[in-house]
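Notes to accompany the following structure.
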């Protein structure tokens, strides 16, 4: 059974949320903001369960309301997401949801409205919701979750209680993954790749782990410019994984920099990355990190991914040549 305690490290407000929904003192609207995988949607569901729960210890997970919420069949808990063929939550969808808010409850006198990807509300739908947030219905609570807070109108944000969610430390993430039954051989790697976001750690596929190993091997074996074309040709046309490739390489580089700075050993690094960390000083790792930042800017400016890769690989070869082995 999931519990608020599992997310204690994600937000300083977890204890307060549990108390408010247990005692029925919750406000009319909450906005959970933070990186993907930090537990926002899970905590929103726990809030809904706690508000509706009939057990002695809330949420019990066993009573009728709890089971119906877990199954997605509770008549007083509504989830608003874009229609299957749409990218946005339209104003018509929002109006339909608000009509539901004005109807008498079916069970316990409370209605809960979950908007798990609030950034998908278009401006008209946000303005429609705003009117209700300014004059809320009694015994009704809106639970919005969002990654990019800037996607919402400031007026919508101001009408909600903002709860920020944060990534866990690697140690906390590893402990959570073990508690969730992840294989020990995968725990540390998944924690590093996910950067403290448990949901992302659980979503890491075996293909991603294999891609990480390949990126490390190919990128850090580019000891000269002559090695670059082969690496570029391998990845330049992989449109689907461009951001993933940069993210995985940056994650490996963070470990490299920690080794260069003397903060950890190189035992967890792939062989080629460990060799780079051992022979190139910290200033080289930091300079390479700056190239990745530059590469991301290039990608946002629609520069071909081939050029982005070449920018990173040239810097790797420069550092190899600057610090002879």
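Going by the conditions given, is residue 282 farther than 17 Å from residue 316 by Cα, surrounded by 14 or more Cβ atoms within 10 Å (Cβ to Cβ), in contact with a helix residue (DSSP H, G or I) (Cβ under 9 Å, 6 or more places away or on another chain) and in the same structural domain as residue 312 (by TED's automatic domain parsing)? Here the answer is no, as residue 282 does not meet what is asked.
In the range 177-197, the qualifying residues are those that are surrounded by 14 or more Cβ atoms within 10 Å (Cβ to Cβ) and assigned to a loop (DSSP other than H, G, I, E, B), and the one that is farthest from the chain's Cα centre (by Cα) is 182. Filtering 92, 85 for residues that are part of a helix (DSSP H, G or I), without any contact (Cβ under 8 Å) to a residue 12 or more places away in the chain and assigned by TED's automatic domain parsing to the domain that holds residue 17 leaves a single hit, 92. Of all residues in the range 140-161, those satisfying the criterion of being touching a residue at least 40 places away in the same chain (Cβ under 8 Å), under 17 Å from the mean Cα position of the chain (by Cα) and not in a helix (DSSP H, G or I) are 144, 145, 146, 147. Restricting the range 294-325 to residues that are touching a residue at least 40 places away in the same chain (Cβ under 8 Å) and not in a helix (DSSP H, G or I) leaves a set whose member that is surrounded by the fewest Cβ atoms within 10 Å (Cβ to Cβ) is 325.
In the range 178-189, the residues that are over 12 Å from residue 201 (Cα atoms) form Cβ pairs under 9 Å with partners that are surrounded by 12 or more Cβ atoms within 10 Å (Cβ to Cβ) and at pLDDT 90 or above, at six or more places apart or across chains, as follows: 179/6; 184/178.
Within the range 114-122, one or more residues are part of a helix (DSSP H, G or I) and crowded, with 21+ Cβ neighbours inside 10 Å. Put simply, of 149, 130, 153, 144 the only residue that is assigned by TED's automatic domain parsing to the domain that holds residue 92, under 30 Å from residue 193 (Cα atoms) and surrounded by fewer than 19 Cβ atoms within 10 Å (Cβ to Cβ) is 149.
The values are calculated or read from the model by the stated rules, or taken from the named source; none is laboratory data. Note that this is a predicted model, so its numbers are computed, not measured. Every residue, glycine as well, gets a Cβ built from its backbone with ideal geometry; the counts of neighbours run over all protein chains shown.
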